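S.K.: Have a look at this one.
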Amino acid sequence: MAEIQVGSSSWRRIELGRVLKLENGSLAAIVEIIDHKRALVDGPSSDPKLAAARGQVSLANTLVTPLVIAKLPRGARTGAVKKAWEAAGIDQKWAEGNWAKKQLKQERRQALTDFDRFKVMRLKKQRRFEEHKALAKIKASA
């Protein structure tokens, strides 16, 4: 018989070098695990919106991302974390991910004015009309 190995997904683990999304929307890497509820983090992102100051955070107030900085030493200082962050390309990986794209989309929608929302509604109606017209044409030919 075939052997079946059951294991948990490895990207949800809290480990050194794991990148977290903090409550304020910034990114930070775990530098040291203080206890089962807290960790020391540092987020030296080149994007000011994603940068986080070095400090202690409660793990209950963070979200675990699939990004990891490999071989980050325990208690690494800000300079070493910044070098490892850039070498791992965390900013680029984050920007290419669906999480960041969805967040950007939400921010754009929240920034729309009343007239912009009206224009979006008109474009949606136009698209829906064209789709229904094409569907009717297909149904008529069949």
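Since every read-out is calculated from the coordinates, none of them should be taken as a lab result. All figures in this text were calculated on a predicted structure; none of them were measured in a lab. Cβ: placed from backbone, ideal geometry, glycine included. Neighbour counts: every protein chain shown.
S.K.: Normalising by the residue count of the chain, find the relative contact order in percent from Cα pairs under 8 Å and 6+ residues apart.
M.R.: Values: 165 pairs, mean separation 26.0, N = 142.
For the chain, the relative contact order is 18 percent.
S.K.: Given R₀ = 25 Å, what would the calculated FRET efficiency be for residue 99 paired with residue 54, taking r from the Cβ atoms and rounding to 0.05?
M.R.: Given R0 = 25 Å and the Cβ-Cβ separation, E is 0.60.
S.K.: Share of Cα-Cα pairs in the range 10-97 beyond 17 Å, in percent? Walk me through the numbers before you get to the answer.
M.R.: On the way: 1410 of 3828 pairs.
Cα-Cα pairs in the range 10-97 separated by more than 17 Å: 37 percent.
S.K.: Sticking with this one: What distance in nm separates the simple spin-label points at residue 92 and residue 61, each placed 7 Å from Cα in the Cβ direction?
M.R.: It is 3.3 nm.
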